[in-house]
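S.K.: Encoded as structure tokens, here's the structure I'll be asking about.
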Amino acid sequence: MEQNDENTAVLYNADCPVCSFEINHYAAYSAREALRIRFDDLNDTIALEAWGIDPDRAARRLHVVKNGELLDGIPAFIAMWQQMPRYQKLAKIVSLPGVYQIACFAYDAVLAPVIYQSHLRRIKKAAG
């Protein structure tokens, strides 16, 4: 992803009701607090192209670039939360040994696959 003056960028699926509800909350909070976090919709082909991630990979998990490092899943959430004063305690809690492993398992094995399958159903329904 191209570097710009922001050190954190979030890539999410604005067409996903779950994703957009959560990320729009963070985006509104970031705007109110004048935080330097950019939020990109993976459905915007120009924005997605800048990330260098194919659409299917992008739709499977939350992605964050922080200081040039591409993160996904729970590490991406933690990186995003660390930039938001209201969520810094949450980032610390989720980073704790044990909690981190449970959060990763829940996201990787349950939440992300369910949300991704819902995404595939929306695409199929729209196509047909």
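Nothing in this text is a laboratory measurement; each read-out follows from the coordinates by a stated rule. Quick caveat: nothing in here was measured; it's all calculated off a predicted structure. Reconstructed Cβ throughout: ideal geometry from the backbone, glycine too, with neighbour counts over all protein chains shown.
S.K.: Looking for something touching a residue at least 60 places away in the same chain (Cβ under 8 Å) and of a type in the set (Ser, Thr, Tyr) - is there at least one such residue anywhere in the stretch 3-23?
M.R.: yes
S.K.: In addition: Report the residue count in the stretch 48-69 for those that are crowded, with 17+ Cβ neighbours inside 10 Å and farther than 16 Å from Ala112 by Cβ.
M.R.: 4
S.K.: Another question about this same structure. Could you tell me whether the stretch 43-57 includes any residue that is under 11 Å from the mean Cα position of the chain (by Cα) and over 19 Å from His25 (Cα atoms)? First the steps, then the outcome.
M.R.: We begin by selecting, within the stretch 43-57, every residue under 11 Å from the mean Cα position of the chain (by Cα); these are none.
Among the residues of the stretch 43-57, not one is under 11 Å from the mean Cα position of the chain (by Cα) and over 19 Å from His25 (Cα atoms), which makes the answer no.
S.K.: Find all pairs meeting these conditions: Cβ atoms under 8 angstrom apart; at least six residues apart or on different chains; first residue within the stretch 64-84 and within 11 Å of Val94 (Cα to Cα); second residue among the aliphatic types (A, V, I, L, M) and assigned to a loop (DSSP other than H, G, I, E, B).
M.R.: Hits for this filter: Phe77/Leu62.
S.K.: List, please: which pairs have Cβ atoms under 6 Å, are six or more places apart or on different chains, and start with a residue in the stretch 107-128 that is part of a helix (DSSP H, G or I) and end with one that is surrounded by fewer than 15 Cβ atoms within 10 Å (Cβ to Cβ)?
M.R.: Ile115/Val18
S.K.: Step by step: first the residues of the stretch 18-41, then only those that are among the aromatic types (Phe, Trp, Tyr) and under 12 Å from Pro85 (Cα atoms), then the one that is surrounded by the fewest Cβ atoms within 10 Å (Cβ to Cβ). Which residue is that? Walk me through it before giving the result.
M.R.: Step one: list which residues in the stretch 18-41 are among the aromatic types (Phe, Trp, Tyr), which gives 21, 26, 29, 39.
Next cut, under 12 Å from Pro85 (Cα atoms) only: 26, 29.
Details: Tyr26: 21, Tyr29: 15.
Looking at the filtered set, the residue picked out is Tyr29.
S.K.: Then there is this: Can you tell me which residue among Ile53, Ile93 is over 20 Å from Val18 (Cα atoms) and touching a helix residue (DSSP H, G or I) at 6+ places or on another chain (Cβ under 8 Å)?
M.R.: Numbers: Ile53 fails: touching a helix residue (DSSP H, G or I) at 6+ places or on another chain (Cβ under 8 Å).
The unique qualifying residue is Ile93.
S.K.: Taking the stretch 106-118 as the search range and keeping residues that are touching a helix residue (DSSP H, G or I) at 6+ places or on another chain (Cβ under 9 Å) and closer than 12 Å to Ile74 by Cβ, which one is surrounded by the fewest Cβ atoms within 10 Å (Cβ to Cβ)?
M.R.: Per the criteria, the residue is Ala106.
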